[in-house]
Each structure stands twice: as structure tokens, then as C-alpha cells.
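The values are calculated or read from the model by the stated rules, or taken from the named source; none is laboratory data. What you see is a predicted model, and the numbers here were worked out from it, not measured in a lab. Reconstructed Cβ throughout: ideal geometry from the backbone, glycine too, with neighbour counts over all protein chains shown. Side chains are part of the model used for accessible areas, which takes the heavy atoms of the whole protein and leaves out ligands, DNA and RNA. Shrake-Rupley method; radii C 1.70, N 1.55, O 1.52, S 1.80 Å.
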Amino acid sequence: MIKKAQFLTRMQQKKLKSPIRGMYVKGDYDTLDLYLTRYNSAVITLQTALSLHRLIDEWPNNPYDLCFKSGYRKINDNKIRQYRDLPKTFLLGIEIIKRNGCVFKIYNKERLLLELWRKRKYVADDIYKEAIHKYRDLVKTGELNIPLIKKYIASVPKSDLFYCKLSDEVL
């Protein structure tokens, strides 16, 4: 902690920056890390997670896709795409990753496939096709846990639809 006078001096000398309202940093920073620190209850999902898992070639730019437990307040920030999920399914498939000295939550590859189907209308066609192609490659190499995907599918509504998508698009 620094005292108010030191804080104001550093702000005037431009030693501290405020890239996000209420957050101050010195030196270089990564915007994604700042948002993940600010919204530490969020789970990285969809395009941002696909990028971090290297399932698409595009690196995550804002807006970042973050999932929150239903009931979380609305975020009015154009650099965040906010999704909500029921408490029953929100915690399925969460992994912990370390990135630039910080710890964050992200959906694993298996859960991310289910998210890709559930929130299909929010994903561009070219990104969807690229991700499905990479998932097929993961199945061929045995890197994808199919029983785990089936377990996740069984826990969400419209599971019959997702079983069909699994067999038609990925297997």
C-alpha cells in the first residue's frame, strides 16, 4: 500500500497508469490479465479459451469471453463479452492456469467443446469450423477425453442434441 500523497505524485509523474477504472499499474501490462484479476470469479470461455488452448490460431483480443455464475451483475464494459451459466453447470470442467504470475480459471478442452455448441450463435463461422477441425485432430491423437465430454453432456439440458453433435461433428 502506498499513501495517498505518494499515489497522487506517481500519477502526476505518469509512473502509474489506469488502464481499467479502479486499477493502477506501473510498467507494461497485459489487458487480459488485468480483466481476469478484476473479475476473479470469472471463467475464461469461448474464443478467448479456444485461443489459450491453441484450438484456434487467432490470439485473444478484446472483447474477452468470460463466464460468470448466473446472478452475477451485468458488466458494462465493451472489452468483455459476458456469459452466465447455472450454478449446477458453471463449475464443470474448470482448470486453473498460471499466466504472467497470476492464477486464473479456464474451461478445459472437453467442457469448451460443449460451450462451443451451447453458445454457437456467439461464435463466428470460421472460428467454429477451425475449432471443430482441431477437435477432430485431438480425437485422432487420443488427446481428447470422450467419456468426460459425455459426462458433461449428460449434465446439461438438451443433452440428446449434443450427443448427436459429438458423433456427427467430432468423432
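Taking the conditions exactly as written (open to solvent by 80 Å² or more (accessible area, probe 1.4 Å) and either touching a helix residue (DSSP H, G or I) at 6+ places or on another chain (Cβ under 8 Å) or at pLDDT below 75 (or both)), does Arg21 satisfy them or not? Show your work before the answer.
On the way: open to solvent by 80 Å² or more (accessible area, probe 1.4 Å): yes; either touching a helix residue (DSSP H, G or I) at 6+ places or on another chain (Cβ under 8 Å) or at pLDDT below 75 (or both): yes.
Yes, satisfied.
Can you pull out every residue in the range 105-123 that is open to solvent by less than 20 Å² (accessible area, probe 1.4 Å) and among the aromatic types (Phe, Trp, Tyr)?
Tyr107, Trp117
Could you tell me whether Asp85 is buried (at least 18 other Cβ atoms within 10 Å of the Cβ), within 22 Å of Arg38 (Cβ to Cβ) and among the charged types (D, E, K, R)? Break it down into steps so the answer makes sense when it comes.
Details: buried (at least 18 other Cβ atoms within 10 Å of the Cβ): yes; within 22 Å of Arg38 (Cβ to Cβ): yes; among the charged types (D, E, K, R): yes.
Yes: the conditions hold for Asp85.
Would you mind telling me which numbered condition in (1) basic (Lys, Arg); (2) under 13 Å from Val43 (Cβ atoms); (3) touching a Phe, Trp or Tyr at 6+ places or on another chain (Cβ under 7 Å) Lys79 fails?
(2)
Considering only the range 127-170, state which residues are aliphatic (A, V, I, L, M) and at positive phi. Give the steps one after another, and end with the answer.
Step one: filter the range 127-170 for residues aliphatic (A, V, I, L, M), giving 127, 131-132, 138-139, 144, 146, 148-149, 153-154, 156, 161, 166, 170.
Once the filter is applied, which keeps residues that are aliphatic (A, V, I, L, M) and at positive phi, the range 127-170 yields nothing.
Go through (1) part of a loop (DSSP other than H, G, I, E, B); (2) surrounded by fewer than 17 Cβ atoms within 10 Å (Cβ to Cβ) for Val156 and report which single condition fails.
Only one criterion in (1) part of a loop (DSSP other than H, G, I, E, B); (2) surrounded by fewer than 17 Cβ atoms within 10 Å (Cβ to Cβ) is unmet by Val156, namely (2).
State which residue pairs qualify: first residue farther than 22 Å from Gly142 by Cβ and inside the range 109-122, second residue surrounded by fewer than 16 Cβ atoms within 10 Å (Cβ to Cβ) in any location, beta carbons under 9 Å apart, and separation of 6 or more residues or different chains.
Short answer, once both residue conditions are applied: Arg118/Lys158.
One residue is enough: does the range 124-143 have a residue meeting the conditions surrounded by 17 or more Cβ atoms within 10 Å (Cβ to Cβ), modelled with pLDDT under 95 and not in a helix (DSSP H, G or I)?
No, every residue in the range 124-143 fails to be surrounded by 17 or more Cβ atoms within 10 Å (Cβ to Cβ), modelled with pLDDT under 95 and not in a helix (DSSP H, G or I).
Only one residue in Cys102, Cys67 is hydrophobic (A, V, I, L, M, F, W, C), touching a residue at least 24 places away in the same chain (Cβ under 8 Å) and open to solvent by 10 Å² or more (accessible area, probe 1.4 Å). Which one?
Working: Cys67 fails: open to solvent by 10 Å² or more (accessible area, probe 1.4 Å).
Checking each option against the conditions leaves just Cys102.
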